Amino acid sequence: MKLPPQVGNPLARWRARRLAVSIVAVVAVVTMVLLSWQPVSTRIDSARAAALKSRVERIYTASYQSKAQSDLVSDRDSESHDQDNIYTKENPYGTNMTGLYVYFTTARAAKVSYRVSTPNKSYPDFSATPKGGATYKTTHEFQALGLIPGKSNTVTITITYRDGSSYTRTIKHKGASLLGWADMRLTSTKASSEQNLGDGLYAILGNDSDGQDFTLLYDKQGVLRAEIPILYYRSQRLLFDRNGLMWFSAATTTMAAMNSLGRLVKIYDLADKYILHHDYVFDGDQNILILATDLSRKDQTVQDQVVKLNTSTGKVTHVLDLGDLFPSYKKTTKKTGSIYATKENSRTDSGTKVRWDWMHINTIQYTDDGSVLLSSRETSTVIKVDDIEGTPSIGYLMGVSSFWKGTNYAKYSLSKVGDFPDSGGQHSVTYVKDDSLPEGQYYVTMFDNNYGNSPTRPGFDWSQIDGINTGYMGTYSKYSKYLVDEAKGTYTLVRSFTVPYSPIVSSVQDLDDGTTLVDSGTKGLFGIYNAKGKLIQQWRIAMQSGNIYRVYQYDFKGFFFASKA
């Protein structure tokens, strides 16, 4: 019988070495194949992302916008354009992939409107009267919204004269491809049995991700009608000034103003030391008050400053340091967590550079008396700051009064009228003036996250608030509306209903028709609720990371569409 080779046998050692070399070679080949395949895909994606980033960066320059304007005018004016030779140009300023610039003249003064349709009936028609279209005139220039990307679109323009006669002209145009990832049609999780869903477009503000960012506009059927690229981060909200411009943040360092045709006419940087976060608002002079972080601070605090952007000059001035209003409270808070903020990213939920997020202001609202309401997530308090642009002082604190018990600021707490639980980590606080109320009274609405958590005040017992969640997973959040009476120093809950739980971010908005728009940000859901708090329509958004910051509805009248009557 032949014995198996022994360890000391030279032939056995040779065979073992040969087998080992073969295994190593196979592993090396397989590894090389895998590495040569995956990085190619990764490199392609990275190259595309870099090219898109570079493209958007060029769009947000004065030189790009100036050249786009001169090229457009030169091309348009190379020949005359009447109603039988309508001039169009796709997205001339690079700011809306579904937009079409339209220009023509008529011999007689006329009104105009348009309708966008496609043979694919899964996309409903989109009809509008453009800005200036409700006025009789002979020169017609506007941006038509809502073309369906990659599809054959028919834009039907209706021209109406003073005598009531009218006729139509049609334009065929294949829609451009989107730059980003957005769903052309949102998933409806609850179809409406009611016709009234508000009037306007839904702006998706902050589908936060590490990729290219956009502000997206959807119609009432959940169809995408505008894709506006921004540099990075998110647009916190849209502001419309008296000069017909729409202002928005295009990055943590950039505010931009766009006209109705899509041209960026103002692009302002916030200077090296500040980055914006969460919110901004017009003051009484239509300069913009911006929530900011001062990157130059030695104490490494974040999200506790307010700066002002002069919308005429672009000059940035410092307005408020909350540490000056709450010095003794600030000293008691704990610098905790891995929190960071850089010019490229003002998120404060992860990272390596420790920052001190002791207030975490997430909303600013300007009031008629030159004050502001600030929403502090970290303290679950609405803070009124009087004389914001003069000598700022604390006006009142609205929220959990026990949070401020034993501090120097308890005296500023409003008294609660009625028995109701306080808010926890509120967002989207809105000042609502009502002329039917006596002087000194107004409403405040909010998305009450119903989440009690304060890492910089770890000793506070949030469970004392009835029904509040103290974990990231919870049962429900709430829409809440309060009546504030400054003369009496009180606040009263006048309306509330539960909504899908979202411990952070999120928004609410009372619409003019009596319905309420609610975005539960971490769920990727936004919906319309009737006056009784009943959900009548809801959509789901494909999230790029973890949340949708805000969803607001804008009617865009006087901007994209004809002014209000």
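The values are calculated or read from the model by the stated rules, or taken from the named source; none is laboratory data. All values derive from a computational prediction rather than experimental measurement. Using ideal geometry, Cβ is built from the backbone for each residue, glycine included, and neighbour counts are taken over all protein chains shown.
If only one of THR363, THR311 is part of a loop (DSSP other than H, G, I, E, B), modelled with pLDDT of 95 or more and of a type in the set (S, T, N, Q), which one is it?
Details: THR363 fails: part of a loop (DSSP other than H, G, I, E, B).
Result of the check over THR363, THR311: THR311.
Hey, can you tell me all the residues within segment 530-561 that are over 16 Å from ASN207 (Cα atoms), among the hydrophobic types (A, V, I, L, M, F, W, C) and not in a strand (DSSP E or B)?
Selection gives ALA531, PHE556, PHE559, PHE560.
Of all residues in segment 77-97 being polar (S, T, N, Q) and in contact with a Gly (Cβ under 8 Å, 6 or more places away or on another chain), which is surrounded by the fewest Cβ atoms within 10 Å (Cβ to Cβ)? It would help to see each step written out before you state the result.
We begin by selecting, within segment 77-97, every residue polar (S, T, N, Q); these are 78, 80, 83, 85, 88, 91, 95-96.
Still in the running and in contact with a Gly (Cβ under 8 Å, 6 or more places away or on another chain): 91, 95-96.
Working: ASN91: 19, THR95: 27, ASN96: 26.
Out of the qualifying residues, it is ASN91.
What is the number of the single condition among (1) among the charged types (D, E, K, R); (2) touching a strand residue (DSSP E or B) at 6+ places or on another chain (Cβ under 9 Å); (3) in contact (Cβ under 8 Å) with a residue 40 or more places away in the chain; (4) not in a strand (DSSP E or B) that ARG242 does not meet?
(2)
Scan segment 507-539 residue by residue and report those that are of a type in the set (Asp, Glu) and either at pLDDT 95 or above or in contact with a Lys or Arg (Cβ under 9 Å, 6 or more places away or on another chain) (or both).
Residues of segment 507-539 of a type in the set (Asp, Glu): 510, 512-513, 519.
Result: ASP510, ASP519.
Out of VAL56, VAL112, report the one residue that is β-branched (Val, Ile, Thr), out of contact with any Asp or Glu (no Cβ under 7 Å at 6 or more places or on another chain) and more than 26 Å from LEU178 (Cβ to Cβ).
On the way: VAL56 fails: more than 26 Å from LEU178 (Cβ to Cβ).
Within the list VAL56, VAL112, the selection yields VAL112.
Answer yes if at least one residue in segment 277-285 is at pLDDT below 95 and either assigned to a strand (DSSP E or B) or surrounded by 14 or more Cβ atoms within 10 Å (Cβ to Cβ) (or both), and no otherwise.
Our first condition is that a residue be at pLDDT below 95; within segment 277-285, this holds for none.
Scanning segment 277-285, I find no residue that is at pLDDT below 95 and either assigned to a strand (DSSP E or B) or surrounded by 14 or more Cβ atoms within 10 Å (Cβ to Cβ) (or both), so the answer is no.
Checking the conditions here, which among PHE420, PHE447 is modelled with pLDDT of 95 or more, aromatic (Phe, Trp, Tyr) and surrounded by fewer than 19 Cβ atoms within 10 Å (Cβ to Cβ)? Outline the logic, then answer.
Working: PHE447 fails: surrounded by fewer than 19 Cβ atoms within 10 Å (Cβ to Cβ).
Result of the check over PHE420, PHE447: PHE420.
Report yes if LEU414 is buried (at least 21 other Cβ atoms within 10 Å of the Cβ), more than 30 Å from GLN300 (Cβ to Cβ) and either modelled with pLDDT under 95 or among the hydrophobic types (A, V, I, L, M, F, W, C) (or both), otherwise no.
Numbers: buried (at least 21 other Cβ atoms within 10 Å of the Cβ): yes; more than 30 Å from GLN300 (Cβ to Cβ): yes; either modelled with pLDDT under 95 or among the hydrophobic types (A, V, I, L, M, F, W, C) (or both): yes.
In short, yes.
Consider only pairs whose beta carbons are under 7 Å apart and that are at least six residues apart or on different chains; among these, list those whose first residue lies in segment 160-176 and is under 21 Å from ALA134 (Cβ atoms) and whose second residue is surrounded by 11 or more Cβ atoms within 10 Å (Cβ to Cβ) and among the small types (Gly, Ala, Ser).
Going by the 7 Å Cβ cut-off, the qualifying pairs are THR160/ALA110; THR160/SER166; TYR161/ALA110; ARG162/ALA109.
One line per residue, one yes/no per condition, for (1) at pLDDT below 95; (2) within 19 Å of ILE548 (Cα to Cα); (3) not in a loop (DSSP other than H, G, I, E, B):
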| position | (1), (2), (3) |
| --- | --- |
| THR168 | no, no, yes |
| LYS172 | no, no, yes |
| TRP181 | yes, yes, no |
| SER193 | yes, no, no |
| LEU197 | yes, no, no |
| TYR202 | no, yes, yes |
| GLY206 | yes, yes, yes |
